[in-house]
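S.K.: First the structure, which I've put down as structure tokens, then a few questions once you've had a look.
Bear in mind these aren't lab numbers, they're just calculated from the coordinates by the rules spelled out. Model, not experiment: these values are computed from the prediction. In this analysis, Cβ positions are derived from the backbone assuming ideal geometry, glycine residues included, and neighbour counts consider all displayed protein chains.
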Amino acid sequence: MSAQLLQFLLSGLTVGAIYALVALGFAIIYNASHVINFAQGEFVMIGGMATVSFIDAGLPLPLSIVLAVGAAALVGLLLEKLAIEPARNASVVTLIIITIGASILLRGLASLAWDKKIHALPAFSGEAPIALGGATLLPQTLWVLGVAAVVLALLWWFFNRTLTGSAILAVSHNRLAAQLMGVSVRRVLLVSFGLSAALGALAGILIAPITFTSWDVGVMLGLKGFAAAILGGLGSGPGAVVGGLALGMIESLGAGYLSSAYKDVFAFLIILAALVVLPNGLFGRRTSERV
Amino acid sequence: MLLLLPLALPNAYTYEVAILVGLNAIVCVGLNLLVGFAGQVSLGHAGFFGLGAYGSAILAARYGWPPLAALAAATAATGALAWLIGRPILRLKGHYLAMATLGFGIIVSIVVANEDRVTGGPDGMSVPPLSVLGTAIAGEKTWYWLVAALLVATVWVALNLIDSPRGRALRALHGSETAAQAIGIDAARHKLSAFVISALLAAAAGALTAHYAGFITPAKASFLHSIELITMVVFGGMASTFGAVVGAAVLTTLPQFLTVFKEYEMVLLGAVMMLTMIFMPRGLVPTLEKALAAARRKPL
């Protein structure tokens with residue numbers, strides 16, 4: 001395998017892991033509430049920017065990360081409580097507009113709380129590149145892939161082996177039946193939003209040392225995460241992960257072999273083509289429509 | 001009402017705003033046919049707007065076409081494109097359709113921003129003014145009457161469309177696509193025609209905007225502009241043509257007021273969007289209509 005191809009694959013895998021985490025956030029919220037949370041990208045932004053603030057305030061990196069993830073989770077909980085819950089009976093388009101309004105609001109608040117400059121996070125374990133088969137690897141890339149893998153394992157354990165996780169899955173399959181079995185849908189929604197926010201924030205923190213962070217970094221990342229979730233099939237956890245990795249690879253290969261200006265066009269064209277062939281995404285559930 | 005408005009407008013700036021409202025309203029009435037009546041989502045309509053605008057601009061500025069011909073050609077070409085991509089895309093449902101239209105909008109905005117030899121790139125390009133048979137259309141007042149006339153025409157067409165058998169077919173589709181198909185309505189054809197009509201209106205409004213402003217930038221084809229358009233439709237009231245006009249009016253003028261708040265503009269815009277959707281989920285006009293109807297029913 002040529003060194004160049006390996007390089008593209010590695011960077012594709014790295015950015016794909018980030019998209020996978022963001023896409024999982026979309027999938028979790030969609031499963032619990034059938035809402036597409038367009039503010040998901042802003043959680044990614046909050047993760048990175050908050051960590052920068054905590055570090056600037058003198059806190060050590062690990063503590064800053066934990067606090068930033070917690071802060072993002074808190075914002076997620078507030079979003080659910082204040083914006084989604086009051087509007088729970090509204091139509092799909094209305095809910096989409098609400099989350100888009102939330103993302104605009106959060107971006108505006110971010111531009112006030114922080115500034116409009118680009119910030120860098122220090123790499124977790126230094127900047128010395130590692131040589132691997134002709135390609136160079138940043139240590140941060142290993143952090144991204146490693147943490148993403150651990151998080152995925154933890155999530156699998158959470159959804160399949162704990163009571164709360166099973167409750168969330170139950171609500172996603174059949175809300176009424178879950179309620180009849182004593183599951184508090186309101187609590188499930190809160191946990192879903194908090195969890196998705198934490199995932200998004202983590203993704204933002206992991207990638208910030210490589211691609212830097214700023215107040216509006218959430219727009220494109222959110223959109224790409226949404227695209228990945230759709231590609232994988234809305235509501236499917238494994239689909240979100242596969243979609244994210246695939247999107248990252250397509251983007252990286254497109255940027256490398258075609259044109260880096262058009263890498264997004266290439267990626268979206270592939271997604272459109274995939275949707276035409278598979279209207280429910282790669283792993284999406286074939287839904288039946290009740291008349 | 002449009003005839004009375006000029007009496008209330010004190011200066012050229014307010015005329016300008018009114019013209020922008022009118023142009024946005026034309027797009028929104030079209031978009032409302034697709035979103036409100038046919039029940040399909042489009043998060044990429046700024047793409048059609050941008051294609052109409054840039055198409056007309058490029059034909060007029062770079063190839064020397066007479067502006068009216070350029071406008072017509074750009075609009076027709078965009079409509080043809082909408083017809084081509086509409087067929088496969090409209091087979092998608094719900095969020096998948098949202099993604100497809102979103103992708104389309106983003107593709108258009110990136111291409112337009114990158115092909116700088118033709119489009120002037122991210123800085124945009126200048127556009128010759130609109131002229132009919134040699135005489136240029138200039139001045140806020142002239143443009144105002146032109147846009148107002150076109151808006152009235154658009155609303156008239158939309159209302160007639162909605163009350164026609166085709167319109168009723170569209171509304172049946174929105175209610176339940178499967179049920180509509182069961183009584184013999186060709187869902188694909190009707191969805192496609194709503195899609196194409198809304199694309200034609202968006203493209204025409206885009207071309208007009210380009211010639212009016214004398215300038216066009218890629219921002220007009222951006223995702224953010226698509227969001228603005230869909231918000232205007234939903235805010236004003238889906239499935240309500242006047243709602244679309246009202247939504248365009250309010251959301252075009254609101255940022256003008258909000259600029260007073262400078263840095264807080266974004267925060268306030270987001271807050272307004274959220275609050276109005278939470279407390280008036282069906283949009284402004286239907287909520288007001290319901291309130292009026294309830295008030296009328298109250299026993300004296």
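S.K.: Need the full-extension length gain, B:Arg62 to B:Arg87, defined as separation in residues times 0.36 nm minus the C-alpha distance. One decimal, nm.
M.R.: Extra length available between B:Arg62 and B:Arg87 comes to 5.8 nm.
S.K.: While we're looking at this one, here's another question. I'd like the FRET efficiency for B:Leu224 and A:Arg187, computed as 1/(1 + (r/R0)^6) with the beta carbon distance as r and R0 of 35 Å, rounded to 0.05.
M.R.: So, using R0 = 35 Å, E works out to roughly 0.50.
S.K.: Could you work out [θ]222 nm for chain B from helices alone, using -39500 (n - 2.57) per DSSP H run of at least four and dividing by all its residues? Round to the nearest 500 deg cm²/dmol.
M.R.: Calculated mean residue ellipticity at 222 nm is -24000 deg cm²/dmol.
S.K.: Using label points projected 7 Å from each Cα along Cα→Cβ, tell me how many nm separate B:Val17 and A:Arg88, to one decimal.
M.R.: A separation of 4.0 nm, rounded to one decimal place.
S.K.: How do the peptides A:249-257, A:22-30 rank, highest first, by the average count of neighbouring beta carbon atoms within 10 Å per residue?
M.R.: My ranking of the peptides, most packed first, is A:22-30, A:249-257.
S.K.: Next up: Treat region A:3-277 as a sphere of radius equal to its Kirkwood radius over Cα pairs and apply Stokes-Einstein at 20 °C in a medium of 1.002 mPa s; give the translational diffusion coefficient in µm²/s, rounded to a whole number.
M.R.: 113
S.K.: Calculated FRET efficiency, B:Thr259 and A:Tyr257, Cβ-Cβ r, R0 30 Å, to nearest 0.05?
M.R.: The computed FRET efficiency comes out at 0.10.
S.K.: In what sequence do B:Lys141, B:Lys262, A:Lys263 fall when counting other Cβ within 10 Å, fewest first?
M.R.: B:Lys262, B:Lys141, A:Lys263
S.K.: Sketch the reach of a paramagnetic label on A:Ala57 as a point 7 Å from Cα along Cα-to-Cβ, and name the residues of region A:196-224 whose backbone nitrogen lies under 11 Å away.
M.R.: none
S.K.: Right, another one. Could you give the C-alpha radius of gyration of chain B expressed as a fraction of 2.2 N^0.38 Å, taking N as the number of residues it contains?
M.R.: 1.00
S.K.: Next question, about the same structure. Relative to the present Cα-Cα distance, how much length would full extension add between B:Leu275 and B:Val250 at 0.36 nm per residue of separation?
M.R.: Contour length minus the Cα-Cα distance gives 7.5 nm.
S.K.: Extension gain A:Arg175-A:Leu132, at 0.36 nm per residue separation less the Cα-Cα distance, in nm?
M.R.: Extra length available between A:Arg175 and A:Leu132 comes to 10.6 nm.
S.K.: Take every Cα pair under 8 Å in chain B that's 6+ residues apart, average their separations, divide by the length, and report that relative contact order as a whole percent.
M.R.: Relative contact order, chain B: 33 percent.
S.K.: May I pose another question? Could you calculate, for region A:11-122, the ratio of the Cα radius of gyration to the Kirkwood radius, expressed as Rg to Rh?
M.R.: Rg/Rh: 1.00.
S.K.: Taking K and R as +1 and D and E as -1, what net charge do the other residues with C-beta under 14 Å from the C-beta of B:Gly50 add up to?
M.R.: Counting the neighbours of B:Gly50, the net charge comes to -1.
S.K.: Across the Cα atoms of region A:211-285, what radius of gyration and what greatest pairwise Cα-Cα distance (Dmax) are found, in Å?
M.R.: 12.6, 37
S.K.: Further question on the same structure: So what is Rg over Rh here for the protein assembly as shown, counting just Cα atoms and using Kirkwood for Rh?
M.R.: 0.98
S.K.: A further question on this structure: Going by how many other Cβ atoms sit within 10 Å of their own, how do A:Val183, B:Val27, A:Val15 line up, fewest first?
M.R.: Listing A:Val183, B:Val27, A:Val15 from fewest to most nearby Cβ atoms yields A:Val183, A:Val15, B:Val27.
S.K.: Just need the relative contact order of chain A here, percent rounded to a whole number, with Cα pairs under 8 Å and 6+ apart.
M.R.: RCO, chain A: 37 percent.
S.K.: Could I ask something else about it? Could you please rank A:Tyr262, B:Tyr144, B:Tyr54, placing first whichever residue has the fewest other Cβ atoms within 10 Å of its Cβ?
M.R.: Listed from fewest to most nearby Cβ atoms, that is A:Tyr262, B:Tyr144, B:Tyr54.
S.K.: Ranked highest first by the average count of other Cβ atoms within 10 Å around their residues, in what order do A:38-50, B:243-255 fall?
M.R.: Top to bottom by mean Cβ count within 10 Å: A:38-50, B:243-255.
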